Amino acid sequence: DLANMKPGERVLIHAAAGGVGMAAVQIAELGGAEVFGTASQPKWDKLREMGMNESHIGSSRDLEFVGGFQEATAGEGVDIVLNALAREFVDASFSLLRKGGRFLEMGKTDVRDEAWLSEHQPGLYYNAFDLMEAGYDRIQEMLASLSGLFKDGKLKPLPLLSFPMDRLSQAFRF
């Protein structure tokens, strides 16, 4: 919705092996996007299991994903970034955006203001969003739409691992 994604566009999803990331990968692929994702290296197998192309997987712990994704796109970059990282990772992600690209900021630790955007990234769409801004009616519409996609088998539930309460500290470390 927020990025006005079209089939065939390239989408970079940071933290793609996390819960929100895995859901975003499914939705982007369902919409016909070519998906690139970052995650910590121990989680890359999860991205491979999801069918992500090796050249479309990068580390969320260093900036090497920039060169890898530039190479994978023949220097063209991506149309959309769904961001959950901060600091130099934000700047690196901006560098991957094509002209007229869209940057969706989920994180709250490194939100860029209008003055910074005007000076450093003119012409790009930037939205540091909060789900609740959509309003209850729109959220209900989105959930109903998602429910239908699950019912039709177009989306799959995310993996679930539960821990007993007496292993709470282990759960948080996991």
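The values are calculated or read from the model by the stated rules, or taken from the named source; none is laboratory data. Model, not experiment: these values are computed from the prediction. Cβ coordinates were reconstructed from backbone atoms using ideal geometry, including for glycine residues, and neighbour counts include every protein chain displayed. These accessible areas exclude ligands, DNA and RNA; they are computed on the full protein's heavy atoms, side chains included. Shrake-Rupley method; radii C 1.70, N 1.55, O 1.52, S 1.80 Å.
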Q | Every residue from the stretch 134-160 that is over 17 Å from Glu29 (Cα atoms), loosely packed, with under 11 Cβ neighbours inside 10 Å and among the acidic types (Asp, Glu) | A | Asp137
Q: Output the number of the condition that Ile80 fails; it satisfies all remaining conditions of (1) under 22 Å from Pro7 (Cα atoms); (2) touching a helix residue (DSSP H, G or I) at 6+ places or on another chain (Cβ under 9 Å); (3) without any contact (Cβ under 8 Å) to a residue 60 or more places away in the chain.
A: (3)
(Q) As an exercise: evaluate Gly21 against (1) within 19 Å of Ala128 (Cα to Cα); (2) without any contact (Cβ under 8 Å) to a residue 60 or more places away in the chain; (3) open to solvent by less than 10 Å² (accessible area, probe 1.4 Å) and give the number of the one condition it does not meet. (A) (2)
**Q.** Search result, residues across the stretch 67-76 that are surrounded by fewer than 22 Cβ atoms within 10 Å (Cβ to Cβ) and touching a strand residue (DSSP E or B) at 6+ places or on another chain (Cβ under 8 Å)
**A.** Gly68, Ala72, Thr73, Glu76
Q | Tally, over the stretch 99-125, of residues that are open to solvent by less than 60 Å² (accessible area, probe 1.4 Å), over 19 Å from Ser60 (Cβ atoms) and either over 19 Å from the mean Cα position of the chain (by Cα) or modelled with pLDDT of 95 or more (or both) | A | 5
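From the list Val20, Val66, which one is among the aliphatic types (A, V, I, L, M) and within 18 Å of Pro159 (Cα to Cα)? Working first, answer last.
On the way: Val66 fails: within 18 Å of Pro159 (Cα to Cα).
Exactly one residue qualifies, and that residue is Val20.
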Q.
Considering only the stretch 85-98, I want to know if a residue exists there that is open to solvent by 40 Å² or more (accessible area, probe 1.4 Å), of a type in the set (Val, Ile, Thr) and within 23 Å of Met132 (Cβ to Cβ).
A. no
